[in-house]
Amino acid sequence: MIVAIVDDEQHCIDHLVHLLQPHIGILEIVSFNTVSEAIKGIDELHPNIVFLDVQLHDKTGFDLLASVSYREFNLIFTTAYEKYAIEAFRFSAIAYLLKPVDREDFEYAFQKAMEKSEQAQLHERINVLLSNISTEHNPKRISVPHKDGYLFLVATDIIRCQADINYTHIFTSDGKKHTASKTLKHFEQLLVGHNFFRTHNSHLINLRYVTSYHRDGYALLDNGERLEVSTRRRESFIKACSLI
Amino acid sequence: MKCILCMFAFVAIVQNSSAQQLQKELDSLTQLLKTQNGKDTTTVDLRNLYVKQALFANPSDTTLLDFVKGTLRVSQQIGYDKGTMQAYERMALIYQYSLSNPYKAQEFYHEALSLIERNKSLQSFGWSIYGGIGTLYYEQEEYSKALRYFKQVLKHDTSLELTATANIANIYGSQEQSDSAIYFYNRALRLEQVKTNPTYKANLYSNLSLIYGRNGQVDSALICAEKSITLIETYGIEFVRPTAYANASMAYLANHDYVKAEKYAHLALELSDAQGNLFLQKSAWGSLADIYAAKGDFAQALEAHKRFSVLKDSLNGQNRRVEINKKELEFNFEKERSTTKMEIERQTTLKRAYLFGGGSLLLASVFGFLLYKRHRDAFEQKKEADFRAMVSETELKALRAQMNPHFIFNSLNSIGDYILKNDTYTAMEYLTKFAKLMRTVLENSEFKEIPLDEDLKFLDLYLQVEIKRQPGKFDYAVKIEEGLDIQNILVPPLLLQPFIENSIWHGFTPKSTHGRILIDISRKENMLVCMVDDNGSGGWADGGMPMEKKSFGIAITESRLEVLNRQKNTNGKLKIIDKGQDKGTQVEISLPLELLY
């Protein structure tokens, strides 16, 4: 199994190598300091797992992803504190580790990366990631994990999400209902800043689809649905609606 | 029989002289007036006297009107009320007798009366005016009104007793109350004044003969008629002559003395023709028609009757005109009255409208002002509240931010301590744990409130890390009251951490027994009670340590609670209980229970 580490700082590479020590028997570790080197290496070596830093001198890991022709690997981003990048990873359901990397987190991510299923639809997920990261004003897309892989949804097409214990039902504007294998909380955090509002313990609503609010505690959506707004959320809900 | 009441109304002026005397007096008055041209009361009196006499002597003298107007002007100029009043009376008389305009006459009578109203001293001179008005009513056949006026005159002015009595008699005659009429005529004839006044006497007898005739007392009628004619012949009383002749003719007719009847009828006719008195003409023709019919001269009777009918129609027409005039007058008066009433109503309505409008405006202004004030006050209050909230928010944020360096430096202490005791690789791993903790602190401190489970997760991580640094020194337990939905409960982030930190760093001395930290979360009514209990040396809270050395974290937490209480008007409390030397410390924070949903 080939593991590629792409980072412009040697000590970061060293740290990852240190964390990989318990598994060294089955691994071949290669590392690259620049994007161009890495592109060449990846296309040549076809690694199974790639640890990719976001900031690489004057280039980014995204540049690398856009250029490589081989994408059949498991991808784990490593980053220090880049908020925009983290959001993009979460949107695309791509794994990432925060530096300095904690061993427990590393182990969790590495074990997952070893699973074949994690590789599923990576190509599309990378495309989602690249489109979301791009400076052009593309509609934000999210990769939604469900029982057979991933769904790719445009955030603005989502009308609402409804909690179902550890699953979440996502209702889209084409009238479909998708069930994701993540909690509502996951989507709430994911969609922060995209005009979604948690009106209730089990409801997350896209405010764009709210037509009115009724005094008896219901929000009316433009598909005619009536959704409860909990008493404690009413004030901030009305405020949030007026800000749209 | 065409029984026509042919009576001459008794003018309300005492008339003492015969026609010749009258003319003589008039001439002397004219002379006097020529010498008296000044504007004084004497002149006015003289002029009034002249008019009175002249009116009798020559009723058709139209120049008199202008003359009286002059008198009126002079009298008003010099402010001579009596003169003015009498001038008005003269004006009325002229309109009444010369110009046959009862309405104008009435107007002037009323002018005169209103002068009396203002100046009571004129009352004694004013009764002749009442007499004049009475005559007017009599002529307009408003007998009851006329009677009322004359009875007043009779009561108040003895000088007018004769006129009043005679007119009362005439009224009763007109009302066909013959007995009353005869009584008053005879009463009038017995009066002293009549003895020196042949005109009146002749008139009274003439009228009386008519009433007697109508009453069927033919003999009495004849006697009266003859007495009347004798008087007229003797004194040359032209004024009464046509009437007396007409009445005499009727008396003779009743007595079947057709020759005399015809003679007087013709005489009456001639005279009334000359005077243009249609009423008398009609009466005379009526008498003649009856006379001819009685004589069997039917052709002449028919002719007379035709004349009679024409005159009757014409007179009826005149009466109708009078009637119409009257109606018109009433109408005009009514119109004026209603216009005035409407104007008054309009003014009243307008006034009310103004009042109402003004009132409404005032009310609206007051209301508007109050509304504005309330709105403004509410706005101000909201602004102030918003401002205060913002200040509190900023304060809290600053306090939370202060937690970060505090936590970071304490963490660096821990890391340093760890490095000294361990190898570099495990130190590195320890460091990554702290990096994770620091990240959480930074993230959570962004929020005013976070779900309780998030904060507990952080505390758990923190405690694990600290245990790793000092293995075997202490352990911990987190106890959460059953049924508490920690995901739905909101707490300010990092509220408990400083107390746990104190327990770890100051609570457990090397010689003390195995340390134990208990975190207990429970609910008491609508308060969330978070307790940190240790079994350490104790005394760090406030007893053992001087105040200035009190943990920075605890001081910040106290301030945060204070600001939160102020902001939300709640009663969050911090209680630090020193359980005693080597027994440990208990910290209890109670917060109002806040739920996310």
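Odds and ends about this structure:
- For the range A:99-121, the set of residues classified as at pLDDT 85 or above and away from chain B (no Cβ under 13 Å) consists of A:Ala109, A:Phe110, A:Gln111, A:Lys112, A:Ala113, A:Met114, listed by residue number.
- Residues that are part of a helix (DSSP H, G or I), closer than 30 Å to B:Leu278 by Cβ and of a type in the set (D, E, K, R) within the range B:100-145 comprise B:Lys104, B:Glu107, B:Glu139, B:Lys145, listed in sequence order.
- Taken over the range B:457-508, residues that are surrounded by fewer than 18 Cβ atoms within 10 Å (Cβ to Cβ), over 30 Å from A:Arg198 (Cα atoms) and not charged (D, E, K, R) amount to 7.
- For B:Thr424, the conditions (1) within 14 Å of chain A (Cβ to nearest Cβ); (2) surrounded by 11 or more Cβ atoms within 10 Å (Cβ to Cβ) are fulfilled apart from (2).
- Of all residues in the range B:572-586, those that are in the same structural domain as B:Leu561 (by TED's automatic domain parsing) and more than 18 Å from B:Thr557 (Cα to Cα) have Cβ atoms under 7 Å from Cβ atoms of residues that are at pLDDT 85 or above and not hydroxyl-bearing (Ser, Thr, Tyr), 6 or more apart or on another chain, in B:Lys579/B:Gln586; B:Gly584/B:Asp533; B:Gly584/B:Asp534; B:Gly584/B:Asn535.
- In the range B:457-496, the residue that is farthest from B:Ser590 (Cα to Cα) out of those that are more than 14 Å from chain A (Cβ to nearest Cβ) and among the basic types (Lys, Arg) is B:Arg469.
- Wholly within the range B:160-259, helices (runs of 4 or more DSSP H) carrying at least 3 residues that are free of Cβ contacts under 8 Å to residues at least 12 places away in the same chain, within 27 Å of B:Leu147 (Cβ to Cβ) and in contact with a strand residue (DSSP E or B) (Cβ under 6 Å, 6 or more places away or on another chain): none
- Qualifying residue in the range A:185-196 (condition: farther than 25 Å from B:Asn444 by Cβ and either of a type in the set (Val, Ile, Thr) or away from every other protein chain (no Cβ under 14 Å) (or both)): no
- Taken over the range B:31-63, the criterion of being assigned to a helix (DSSP H, G or I) and at pLDDT below 75 is satisfied by B:Gln31, B:Leu32, B:Leu33, B:Lys34, B:Thr35, B:Phe56, B:Ala57.
- Any hit, the range A:148-158, residues being farther than 20 Å from A:Cys241 by Cα, of a type outside the set (Phe, Trp, Tyr) and modelled with pLDDT under 85: yes
- For the range A:131-167, the set of residues classified as in a loop (DSSP other than H, G, I, E, B) and within 14 Å of the chain's Cα centre (by Cα) consists of A:Lys140 only.
- Residue in the range B:425-437 that is under 15 Å from B:Gly553 (Cβ atoms) and of a type in the set (D, E, K, R) present: no
- Among the residues making up the range A:2-36, those that are surrounded by fewer than 15 Cβ atoms within 10 Å (Cβ to Cβ), away from every other protein chain (no Cβ under 14 Å) and either at positive phi or in a helix (DSSP H, G or I) (or both) are A:Gln10, A:Ile24, A:Gly25, A:Ile26, A:Ser36.
The values are calculated or read from the model by the stated rules, or taken from the named source; none is laboratory data. For clarity, every value in this text was computed on a predicted model and none was experimentally measured. Cβ: placed from backbone, ideal geometry, glycine included. Neighbour counts: every protein chain shown.
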